[in-house]
Amino acid sequence: MSQRKPYPSDLSDARWALIEPTLSAWRKARLDRRPTGQPAQVELRDVFNAILYVNRTGIPWKYLPHDFPNHGTVYAYYAAWRDEGILAQLNYDLTGLARVKEGRKPEPTASVIDTQSVKTSTNVPLTSQGTDAAKKIVGRKRGIITDTLGLLLAVTVTAASLSENAVGIQLLDQAKKTYPTISKAWVDTGFKNAVIEHGANLGIDVEVVKRNPEIRGFHVVKRRWVVERSIGWIMMHRRLTRDYETLPASSEAMIHIASIDNLTKRITDETTPTWRGTY
């Protein structure tokens with residue numbers, strides 16, 4: 001890593017050690033395909049730290065501090081890792097390590113599904129957003145599926161107008177492809193029979209968890225609280241408080257980055273200050 005004063009979002013040596021092998025293998029494969037085979041000048045750790053800085057602070061790419069690599073270079077790496085599945089692969093690998101650290105098997109068997117509708121910024125194309133009539137939000141809908149620890153297993157971002165059923169079906173397909181061991185999923189009452197039936201076809205028992213009608217206001221709902229907490233973890237990264245991304249694929253990538261940030265800290269027993277100044 002280049003010599004500069006570190007930012008709170010920077011990776012420690014221990015966290016970088018978890019990420020570096022995947023990124024170095026990706027770069028080597030890229031260099032092997034180049035006519036010259038000359039190594040790039042930019043350090044991958046600096047690039048990833050810059051991406052974490054954007055993700056954590058919420059700034060536009062062009063506002064990256066000058067002690068990071070050029071914002072165009074950083075974005076080019078980010079786009080390549082997004083499009084080539086490197087960020088998703090890192091999330092998969094780190095999730096397995098985090099599960100093992102907690103005494104679980106790397107591959108989960110149970111999961112929890114939820115969605116979150118968020119407002120979009122002015123640069124987001126109208127064709128990729130819509131209105132969530134129930135929540136009265138114009139924007140996009142994030143669907144996530146986690147394991148019972150709250151670790152991200154799959155994510156999809158769509159127009160907010162898409163139904164819970166359609167999002168749930170996408171998530172079940174994605175999760176089952178990545179984790180064939182999944183046989184159970186808990187959902188809230190927004191998901192209907194279509195999701196339950198689709199899950200059954202995939203070999204996943206989808207169970208609807210209802211709120212207690214006798215309790216008014218907020219209360220912890222069995223199983224569902226896990227994924228709701230995961231959404232809270234994601235929202236600690238300011239780039240995700242609103243959807244700023246032109247492409248839904250970039251929105252999904254930003255969620256993967258937030259998850260990678262959290263997973264590396266979980267595995268190495270590290271933490272950083274929150275935006276409220278607490279630890």
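The values are calculated or read from the model by the stated rules, or taken from the named source; none is laboratory data. All figures in this text were calculated on a predicted structure; none of them were measured in a lab. All Cβ positions, glycine included, derive from the backbone under ideal geometry; neighbour counts span all protein chains shown. Heavy atoms of the whole protein, side chains included, go into the accessibility calculation; ligands, DNA and RNA do not. Shrake-Rupley method; radii C 1.70, N 1.55, O 1.52, S 1.80 Å.
Here segment 229-249 is the region considered, the condition is being outside any loop (DSSP other than H, G, I, E, B), of a type in the set (A, V, I, L, M, F, W, C) and surrounded by 15 or more Cβ atoms within 10 Å (Cβ to Cβ), and the residue that is modelled with the highest pLDDT is Leu240. Going by the conditions given, is Asn201 modelled with pLDDT of 95 or more and in contact with a helix residue (DSSP H, G or I) (Cβ under 6 Å, 6 or more places away or on another chain)? Taking the combined requirement at face value, the residue does not satisfy it.
Residue-wise test of (1) closer than 17 Å to His237 by Cβ; (2) out of contact with any helix residue (DSSP H, G or I) (no Cβ under 7 Å at 6 or more places or on another chain); (3) at pLDDT 95 or above; (4) not in a loop (DSSP other than H, G, I, E, B).
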site	(1), (2), (3), (4)
Ile19	yes, no, yes, yes
Thr22	no, no, yes, yes
Arg27	no, no, no, yes
Leu52	yes, no, yes, yes
Gly72	no, yes, yes, yes
Tyr77	no, no, yes, yes
Asn91	yes, no, yes, yes
Thr95	no, no, yes, yes
Pro106	no, no, yes, no
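Picking from residues in segment 8-26 that are among the charged types (D, E, K, R) and surrounded by fewer than 17 Cβ atoms within 10 Å (Cβ to Cβ), the one that is farthest from the chain's Cα centre (by Cα) is Asp13.
At least 1 residues being surrounded by 19 or more Cβ atoms within 10 Å (Cβ to Cβ), under 19 Å from the mean Cα position of the chain (by Cα) and at pLDDT 95 or above is the threshold, and among the strands (runs of 3 or more DSSP E) wholly inside segment 113-159 those reaching it are 137-146, 152-159. Scanning segment 169-202 for residues that are surrounded by fewer than 21 Cβ atoms within 10 Å (Cβ to Cβ) and touching a Ser or Thr at 6+ places or on another chain (Cβ under 6 Å) turns up Gln170, Thr181, Ser183.
Just wondering, is there one or more residues in segment 169-183 that are farther than 28 Å from Gly96 by Cβ and part of a loop (DSSP other than H, G, I, E, B)?
Here is the first cut: in segment 169-183, the residues farther than 28 Å from Gly96 by Cβ are none.
Within segment 169-183 (the criterion being farther than 28 Å from Gly96 by Cβ and part of a loop (DSSP other than H, G, I, E, B)), the answer is no, since none of the residues qualifies.
When Arg224 is tested against (1) modelled with pLDDT under 90; (2) of a type in the set (D, E, K, R); (3) open to solvent by 80 Å² or more (accessible area, probe 1.4 Å), exactly one condition is not met: (3).
The C-beta contact set for segment 190-207 (first residue within 17 Å of Pro108 (Cα to Cα), second residue of a type in the set (Val, Ile, Thr) and assigned to a loop (DSSP other than H, G, I, E, B), distance under 9 angstrom, 6+ apart or interchain) comprises Leu202/Ile182; Gly203/Ile182; Ile204/Ile182.
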